[in-house]
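Engineer: What follows is a structure written as structure tokens; I'll ask about it next.
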Amino acid sequence: MKSCLKPLLGLALAALTSLAGAQQPPPAAAASAPPPQVQAQAPQPPAAVSASARRLYERSKGQLLQIRTLLKSQDSQASVGSGFLVSDDGHVVTNYHVISQFALEPDSYRLRYATTDGQGGALELLDFDVRRDLALLRAADGGLKGRGALAFRPQSQPLAKGERIYSMGNPHDVAFAVVEGNYNGLVERSFDPLIYYAGGINPGMSGGPVLDEDGRVVGVNVSTLLFAQQVSFLVPGQFAESLVGRSLAARPIRSAAWSRLRDQLTAYQDELVARFLALPWESANNKRYRLPVPRQDFMRCWGRSTAADSKGLDYERSQCRMDHALFVGGGLQTGWLDMSHEAYDGRKLGALRFARQYSDSFRNERLGRADKSGTAPYCKEQFVDRAGLPLRAVVCLRAYRKLEGLHDLSVLVTTVDDSRQGALGRFDARGVSFDNALKLVAHYLEGFAWTTASKPR
């Protein structure tokens with residue numbers, strides 16, 4: 001196995017070395033957008049508000065804020081979100097994606113707050129946690145001092161499934177609001193903990209607090225599931241509390257935060273790759289090939305196949321992907337793994353028709369292109385022997401322009417052992433280091449082999 005991989009990985013190494021030093025201006029900022037599962041959608045009709053919701057809103061509205069990102073030279077707003085006070089000195093927690101434009105282009109944008117009673121002022125950025133989509137701000141003019149702070153619910157008092165909780169924010173820049181919903185535990189198969197909230201979070205509420213019956217913060221609004229009702233997600237309050245604890249005395253961030261962002265993403269992908277490599281491959285149950293299928297610890301897999309009475313090309317397809325990605329800014333998201341495979345049986349077609357369709361499947365794979373956030377992919381192709389199973393493999397790496405040392409990796413693999421049967425696999429990793437890219441390539445190729453029954457004697 002090692003002798004088969006070294007030539008291919010050596011070519012990838014040369015490609016990565018030439019890409020690592022690429023430096024270009026940062027991508028142009030666009031309106032602040034949430035992570036992948038979050039999309040703007042039509043406002044949901046307001047639900048009836050209970051006495052508990054009214055009581056909690058009245059009690060905490062003094063600590064509830066709207067967060068606006070404005071153009072530096074005028075009062076036109078580029079994005080709006082929500083936030084809440086976490087100290088009597090005017091410290092504010094919100095989502096990173098709410099303030100990402102300012103964090104990456106402070107010369108073009110500025111931050112302001114608005115309170116429920118009509119006050120406003122400037123904000124400064126102290127720190128952020130891109131992995132948890134959180135940011136810590138402070139009122140630059142001291143105008144939020146003395147308004148009090150919301151307390152966090154202790155981790156020693158976990159919520160029970162079905163318990164009522166209350167989301168607050170300013171949806172669609174319409175008005176401050178409270179939305180009543182239920183705690184439904186943590187999202188299953190998520191790499192990082194996310195709370196599943198049965199309640200309607202609309203755009204503009206991102207970064208707002210979610211409170212328990214006693215008015216303590218249990219989570220932070222972050223996203224909602226597109227084309228679903230009452231399926232929303234919260235960052236657990238413990239991560240916001242940790243950010244506050246370590247950065248309350250931090251100095252304001254005055255320059256573009258790309259290096260800080262890169263350091264956080266680098267640490268994240270190290271942990272992600274290490275955990276992924278530790279998982280054994282599972283069986284795809286293909287009669288001819290052993291194909292790499294991940295354990296679904298933090299990925300979800302979906303599959304389909306042709307109908308049993310198909311008269312053409314028979315195939316089985318599986319796709320596995322992480323549900324959650326890390327939002328960087330503009331249209332750039334990173335930090336996830338995605339893989340798929342297709343097994344083909346063309347014995348009903350004959351060799352020539354099968355070869356045409358099989359080749360088209362390989363040719364139609366898109367491997368990226370140059371844009372504002374990254375370089376064009378640099379690809380190398382080689383034939384690899386996996387214990388007698390011949391593979392055609394293409395490895396592509398695409399460097400980020402402003403996140404030095406991080407790349408998007410794509411690996412395309414197809415079997416070339418038979419004129420009427422075959423399998424095609426693809427593996428993608430977003431935002432990984434050079435060393436981890438090499439480890440992932442080796443690990444993925446090791447997932448291909450003959451099944452015991454089909455291995456040539």
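Engineer: Name the residues in segment 320-370 that are within 13 Å of Gly422 (Cβ to Cβ) and basic (Lys, Arg), would you?
Structural biologist: Across segment 320-370, the qualifying residues are Arg347, Arg356.
Engineer: Something else now. Pick out the one residue from Arg356, Arg369, Arg386, Arg398 that is crowded, with 16+ Cβ neighbours inside 10 Å, assigned by TED's automatic domain parsing to the domain that holds Ser283 and either on the phi > 0 side of the Ramachandran plot or out of contact with any His (no Cβ under 7 Å at 6 or more places or on another chain) (or both).
Structural biologist: Arg386
Engineer: Of everything in segment 149-199 that's free of Cβ contacts under 8 Å to residues at least 40 places away in the same chain, of a type in the set (Ser, Thr, Tyr) and in a strand (DSSP E or B), which residue is surrounded by the fewest Cβ atoms within 10 Å (Cβ to Cβ)?
Structural biologist: Only one residue tops the list, namely Tyr196.
Engineer: Determine, yes or no, whether Ala343 is hydrophobic (A, V, I, L, M, F, W, C), at pLDDT below 95, more than 19 Å from the chain's Cα centre (by Cα) and closer than 19 Å to Phe448 by Cβ.
Structural biologist: Yes; evaluated as a whole, the condition is true for this residue.
Engineer: Sort through Gly121, Gly146 and tell me the only one that's assigned to a loop (DSSP other than H, G, I, E, B) and in the same structural domain as Gly199 (by TED's automatic domain parsing).
Structural biologist: Gly146
Engineer: Mind listing whichever residues of segment 273-328 are touching a helix residue (DSSP H, G or I) at 6+ places or on another chain (Cβ under 6 Å) and closer than 23 Å to Leu186 by Cβ?
Structural biologist: Val273, Phe327
Engineer: Answer yes or no: is there a residue in segment 158-168 that is within 22 Å of Ser76 (Cα to Cα), touching a Gly at 6+ places or on another chain (Cβ under 6 Å) and modelled with pLDDT of 95 or more.
Structural biologist: Taking every residue of segment 158-168 in turn, none turns out to be within 22 Å of Ser76 (Cα to Cα), touching a Gly at 6+ places or on another chain (Cβ under 6 Å) and modelled with pLDDT of 95 or more.
Engineer: Filter segment 351-400 for residues that are farther than 21 Å from Ala442 by Cα and of a type in the set (Phe, Trp, Tyr) and give the result.
Structural biologist: Phe354, Tyr358, Tyr400, listed by residue number.
Engineer: Give me the strands (runs of 3 or more DSSP E) completely within segment 292-332, filtered to those with at least 2 residues that are among the aliphatic types (A, V, I, L, M), at pLDDT below 85 and not assigned by TED's automatic domain parsing to the domain that holds Ala278, ordered by residue number.
Structural biologist: Qualifying strands (runs of 3 or more DSSP E): none found.
Engineer: Considering (1) of a type in the set (Gly, Ala, Ser); (2) part of a strand (DSSP E or B); (3) under 30 Å from Val98 (Cβ atoms), say which one Ser340 fails and leave the rest.
Structural biologist: For Ser340, the failing item is (3).
Engineer: May I ask you to list the residues in segment 209-218 that are assigned to a strand (DSSP E or B) and either touching a Ser or Thr at 6+ places or on another chain (Cβ under 8 Å) or of a type in the set (S, T, N, Q) (or both)?
Structural biologist: Pro209, Val210, Leu211, listed by residue number.
Engineer: May I pose another question? If we scan segment 129-137, do we find a residue that is on the phi > 0 side of the Ramachandran plot and modelled with pLDDT of 95 or more?
Structural biologist: yes
Engineer: (1) assigned to a loop (DSSP other than H, G, I, E, B); (2) without any contact (Cβ under 8 Å) to a residue 60 or more places away in the chain: which one isn't true of Ser206, the others all being true?
Structural biologist: (2)
Engineer: From the residues in segment 339-353 that are buried (at least 16 other Cβ atoms within 10 Å of the Cβ) and of a type outside the set (D, E, K, R), which one is nearest to Phe427 (Cα to Cα)?
Structural biologist: Among them, the one singled out is Met339.
Engineer: Return yes when Arg132 is surrounded by fewer than 21 Cβ atoms within 10 Å (Cβ to Cβ), touching a helix residue (DSSP H, G or I) at 6+ places or on another chain (Cβ under 8 Å) and outside any helix (DSSP H, G or I) and no when it is not.
Structural biologist: no
Engineer: Right, next: Inspect segment 425-433 for any residue being out of contact with any strand residue (DSSP E or B) (no Cβ under 6 Å at 6 or more places or on another chain) and surrounded by fewer than 14 Cβ atoms within 10 Å (Cβ to Cβ) and give the result as yes or no.
Structural biologist: There is no residue in segment 425-433 that is out of contact with any strand residue (DSSP E or B) (no Cβ under 6 Å at 6 or more places or on another chain) and surrounded by fewer than 14 Cβ atoms within 10 Å (Cβ to Cβ).
Engineer: Of everything in segment 223-273, what is at pLDDT 95 or above, more than 23 Å from Arg153 (Cα to Cα), not charged (D, E, K, R) and not in a helix (DSSP H, G or I)? Give them in sequence order.
Structural biologist: Of everything in segment 223-273, those that are at pLDDT 95 or above, more than 23 Å from Arg153 (Cα to Cα), not charged (D, E, K, R) and not in a helix (DSSP H, G or I) turn out to be Ala250, Pro252, Ile253, Ser255, Ala256, Ala257.
Engineer: Is there a residue in segment 274-287 that is under 23 Å from the mean Cα position of the chain (by Cα), outside any strand (DSSP E or B), buried (at least 21 other Cβ atoms within 10 Å of the Cβ) and not assigned by TED's automatic domain parsing to the domain that holds Asp88?
Structural biologist: The answer is yes, given that some residue of segment 274-287 is under 23 Å from the mean Cα position of the chain (by Cα), outside any strand (DSSP E or B), buried (at least 21 other Cβ atoms within 10 Å of the Cβ) and not assigned by TED's automatic domain parsing to the domain that holds Asp88.
Engineer: Consider only pairs whose beta carbons are under 9 Å apart and that are at least six residues apart or on different chains; among these, list those whose first residue lies in segment 259-285 and is over 30 Å from Gly303 (Cβ atoms) and whose second residue is outside any helix (DSSP H, G or I) and among the basic types (Lys, Arg).
Structural biologist: Leu261/Lys402; Arg262/Lys402; Gln264/Arg131; Leu265/Arg131; Ala267/Arg131
Engineer: Looking only at segment 95-152, which residues are farther than 25 Å from Leu265 by Cβ and among the aromatic types (Phe, Trp, Tyr)?
Structural biologist: Tyr113, Phe152
Engineer: Would you point out the residue of segment 383-440, among those that are assigned to a strand (DSSP E or B) and out of contact with any Leu (no Cβ under 9 Å at 6 or more places or on another chain), that is farthest from Arg131 (Cα to Cα)?
Structural biologist: Checked segment 383-440; the qualifying residue farthest from Arg131 (Cα to Cα) is Gln421.
The values are calculated or read from the model by the stated rules, or taken from the named source; none is laboratory data. Everything numeric in this text was worked out from a predicted model, so none of it was measured. Ideal geometry is used to build each Cβ from the backbone, glycine not excepted, and the neighbour counts take in all protein chains shown.
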